[in-house]
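Derivation of every value follows stated rules applied to the coordinates shown; laboratory data play no part. The model shown is predicted, which means the values in this text are computed figures rather than measured ones. We place every Cβ from the backbone using ideal geometry, glycine too, and count neighbours over all the protein chains shown.
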Amino acid sequence: MGREAINAPGAAAVGPYSHGVAANGFVYLSGQTPIDSVTGRLVEGGIEAQVSQCFRNLVTALEGAGLSLDNVVKCNVFLTDMGGFTAMNAVYAKHFSDPIPHAQQSAWPRCHW
């Protein structure tokens, strides 16, 4: 099984890994954080602003693989506070067309980007 690293110009990275890996016709993207790739800082403005930044980063990584949000079939979402669940879902729904990809959501209260 061959693997091809995806490194998208202009995408933020917070670790020593590629933005994604293509293998056997699938693309697996690394987690996207609410970090502005220009400033290198966490965006301010609450959950809506942070989820929107995650989507900007996601789109950049997808474009690096020659893909778009229309190619996404599943997302894993990690929130530091499940109180942001409704707001995250509202932003999430705005970014996808039908059928909206499945989102597996989990709370990681001690994980602060």
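Conditions first: (1) small (Gly, Ala, Ser); (2) surrounded by 17 or more Cβ atoms within 10 Å (Cβ to Cβ); (3) assigned to a loop (DSSP other than H, G, I, E, B). Residue 37 passes all but one, so which condition is the exception?
The one condition residue 37 does not meet is (2).
Looking at the structure I just gave you, is residue 10 in a loop (DSSP other than H, G, I, E, B) and either among the hydrophobic types (A, V, I, L, M, F, W, C) or out of contact with any Phe, Trp or Tyr (no Cβ under 9 Å at 6 or more places or on another chain) (or both)?
So residue 10 fits the description; yes.
Between a residue in the stretch 68-95 that is without any contact (Cβ under 8 Å) to a residue 60 or more places away in the chain and surrounded by 15 or more Cβ atoms within 10 Å (Cβ to Cβ) and any residue that is in a loop (DSSP other than H, G, I, E, B) and of a type in the set (Val, Ile, Thr), which pairs come within a Cβ distance under 8 Å, given they are 6 or more apart or on different chains?
Qualifying pairs under 8 Å: 92/100.
Can you work out which of the residues in the stretch 62-74 that are in a helix (DSSP H, G or I) and in contact with a strand residue (DSSP E or B) (Cβ under 9 Å, 6 or more places away or on another chain) is nearest to residue 28 (Cα to Cα)?
62
Picking from 21, 59, 27, 51, which residue would you name as being assigned to a helix (DSSP H, G or I), closer than 20 Å to residue 5 by Cα and of a type in the set (A, V, I, L, M, F, W, C)?
On inspection, the qualifying residue turns out to be 59.
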